[in-house]
Amino acid sequence: MITKPSAKTAYTCLVIDDEPNHRHMLRLHLEDAGYICAEAANGADAVAQLSERSYDILLLDIAMAVMDGLSFLSYIRQNGDNTPVIVITANLDAKTAVSAMKLGAADYMTKPVNTDELLTLMAELLQAESPAQPASKSSYKFDGVYSAAGLGKIIEPLAMVAPTDATVLILGESGTGKELVARSVHDNSARAGKPFVAVNAAALNENIIESELFGHVKGAFTGAAAAREGRFSEANGGTLFLDEIGELPMATQVKLLRFLQEKSYEPVGSSKSITADVRIVAATNRKLEDMIAAGSFRQDLYFRLSVFPVYLPALRERVAEIPLLIEHFIDKYSARFQKKIKGAAPEFTKKLQKYTFPGNVRELENLVERSIILARTDMLTEELLPELSDANEARINSDATLKNNEKQTIIDVLKECEGNRTKAAKQLGISRRGLYNKLKEYGLE
Ligand SMILES: Nc1ncnc2c1ncn2[C@@H]1O[C@H](COP(=O)(O)OP(=O)(O)OP(=O)(O)O)[C@@H](O)[C@H]1O
Ligand SMILES: [Mg+2]
């Protein structure tokens with residue numbers, strides 16, 4: 001199955017590789033798929049060609065004698081050329097992958113290239129390129145790391161919604177970065193200098209949650225000796241982050257809905273409406289649709305909240321981002337523990353890229369932190385992760401039935417989409433890479 005880029009005009013592509021055979025083979029495949037293709041024998045040759053004309057996408061080998069891939073990438077980026085680049089290389093070590101991503105490569109693949117997978121990736125990148133890019137894209141403040149093909153995909157929509165006052169609903173498994181994203185929405189809005197107040201509905205007792213959010217008047221209930229301001233009042237002018245929104249009791253859901261509709265609320269025990277200028281960002285790791293069906297979440301509130309839903313993919317659906325995250329956490333924790341750690345050994349990174357990460361980025365962060373504490377040399381090595389493979393196997397065994405259902409669902413959706421993997425991934429709510437990993441896992445390739 002070949003995925004063609006969905007365009008009226010053909011896209012142009014430059015294949016940069018010093019192996020003539022590989023370069024030529026790739027070119028033939030791409031031309032078959034409708035691309036207009038040119039070849040460059042090394043980085044310097046590519047620079048020369050790019051001074052003549054530009055291309056929609058570049059495929060880049062790393063090890064080349066005359067101007068290697070990383071130097072080439074760094075050179076064109078410094079010259080303001082933001083053409084999407086896919087790195088294709090024989091031996092990709094984690095360090096090179098991280099450098100390439102940092103220099104702005106969209107993704108990477110190892111030789112021998114699965115052309116089907118490459119074409120899907122190219123089509124995806126080219127589609128992502130076509131809509132007008134918000135000017136603020138690169139200047140989006142985010143207190144973490146991401147690659148263009150991973151979490152980077154949600155940065156563009158975030159950059160568009162952040163400056164508005166629209167309610168944002170952040171969806172994603174535990175540890176995927178929901179709070180980080182919520183903060184970024186605040187930091188990239190005009191409210192940035194004002195308070196960002198986070199409330200975790202799961203951490204609050206059902207009896208006090210309303211008073212916590214909306215405040216109460218003196219004598220509102222037994223023990224309310226004095227009046228108290230709530231979190232809405234505290235967040236006035238700023239952003240209120242309602243974490244684990246799925247845990248809100250029904251009665252509080254009504255009050256929240258009222259606030260979203262009228263921008264006003266009543267403190268517990270009071271009948272006086274108070275207006276507040278508060279932007280709501282909510283998050284949950286639960287399937288609110290299921291909760292609505294079960295009668296534990298209000299549908300009208302859901303509609304109000306999901307004006308702008310943002311879905312954070314699980315870490316196992318963006319494994320290409322793992323080296324980047326590892327490096328980020330090495331920097332963070334080696335500074336914190338004042339330990340000189342140069343980096344991660346390739347086997348360390350590989351082991352983590354094979355793991356399923358039920359706890360997502362938080363779990364990765366914890367593993368790197370612990371590894372840094374335990375490291376006896378200046379490199380993180382796989383011996384620092386003894387339990388990982390076992391944990392993985394245990395999980396796979398216990399999830400046997402679940403996996404079976406998953407496999408069937410994937411087969412069904414693929415059929416529905418007539419084998420179009422990009423479409424199927426979209427329908428399944430996972431990334432293209434996530435789908436490939438699943439197909440591999442189930443031998444469905
Ligand atoms: N892209 C990223 N770059 C750097 N750090 C990240 C990234 N994503 C998540 N983290 C880190 O991972 C940890 C978990 O992130 P966060 O608390 O935002 O997740 P969450 O989705 O809110 O989790 P939970 O559902 O358990 O509340 C945090 O320490 C956060 O800093
Ligand atoms: Mg959280």
Given Ala182, Ala97, Ala123, Ala198, which one is within 16 Å of ligand 2 (Cβ to nearest atom), assigned to a helix (DSSP H, G or I) and aliphatic (A, V, I, L, M)? Ala182
Would you mind stating whether Leu70 is out of contact with any Cys (no Cβ under 8 Å at 6 or more places or on another chain), open to solvent by 20 Å² or more (accessible area, probe 1.4 Å) and aliphatic (A, V, I, L, M)? yes
Residue tally, condition more than 16 Å from ligand 2 (Cβ to nearest atom), open to solvent by 50 Å² or more (accessible area, probe 1.4 Å) and of a type outside the set (Lys, Arg), over segment 341-368: 3
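Does Ile208 meet the test of being assigned by TED's automatic domain parsing to the domain that holds Thr275, within 16 Å of ligand 2 (Cβ to nearest atom) and either of a type outside the set (Lys, Arg) or closer than 25 Å to Tyr311 by Cβ (or both)?
Considered against the rule, which asks whether it is assigned by TED's automatic domain parsing to the domain that holds Thr275, within 16 Å of ligand 2 (Cβ to nearest atom) and either of a type outside the set (Lys, Arg) or closer than 25 Å to Tyr311 by Cβ (or both), Ile208 comes out as no.
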Only one of these is within 16 Å of ligand 2 (Cβ to nearest atom), open to solvent by less than 70 Å² (accessible area, probe 1.4 Å) and either closer than 24 Å to Lys178 by Cβ or touching a Pro at 6+ places or on another chain (Cβ under 8 Å) (or both): Leu248, Leu301. Name it. Leu248
When the residues of segment 251-288 are filtered to those that are hydrophobic (A, V, I, L, M, F, W, C) and in a strand (DSSP E or B), which remaining residue is farthest from Ala182 (Cα to Cα)? Val268
Residue hits (segment 158-179; within 10 Å of ligand 1 (Cβ to nearest atom) and part of a helix (DSSP H, G or I)) are Lys178, Glu179
Right, Ala375: modelled with pLDDT under 60, of a type in the set (A, V, I, L, M) and assigned by TED's automatic domain parsing to the domain that holds Lys332 or not? no
Only one of these conditions is not met by Ser136: (1) open to solvent by less than 50 Å² (accessible area, probe 1.4 Å); (2) more than 16 Å from ligand 1 (Cβ to nearest atom); (3) modelled with pLDDT of 90 or more. Which number is it? (3)
Is there a residue being closer than 28 Å to Ile274 by Cα, touching a Ser or Thr at 6+ places or on another chain (Cβ under 8 Å) and either open to solvent by 60 Å² or more (accessible area, probe 1.4 Å) or within 12 Å of ligand 1 (Cβ to nearest atom) (or both) anywhere in segment 202-220? no
Acidic (Asp, Glu) and over 22 Å from Ala424 (Cβ atoms): which single residue out of Asp116, Asp187, Asp107 fits that description? Asp187
Name the residue that is nearest to Ala148 (Cα to Cα), counting only residues in segment 415-444 that are loosely packed, with under 12 Cβ neighbours inside 10 Å and touching a residue at least 40 places away in the same chain (Cβ under 8 Å). Gly429
Could you count how many residues in segment 221-245 are open to solvent by less than 10 Å² (accessible area, probe 1.4 Å) and free of Cβ contacts under 8 Å to residues at least 40 places away in the same chain? 1
Criterion: more than 24 Å from Thr12 (Cβ to Cβ), within 16 Å of ligand 2 (Cβ to nearest atom) and at pLDDT 95 or above - qualifying residue of Leu169, Leu151: Leu169
Which of the residues that make up segment 7-25 are under 13 Å from Met122 (Cα atoms) and at pLDDT 90 or above? Cys13, Leu14, Val15
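The values are calculated or read from the model by the stated rules, or taken from the named source; none is laboratory data. Note that the coordinates shown come from a computational prediction; the quantities given were computed from them, not determined experimentally. Cβ coordinates were reconstructed from backbone atoms using ideal geometry, including for glycine residues, and neighbour counts include every protein chain displayed. We work out accessible area using only protein heavy atoms, side chains counted, and drop any ligands, DNA or RNA first. Shrake-Rupley method; radii C 1.70, N 1.55, O 1.52, S 1.80 Å.
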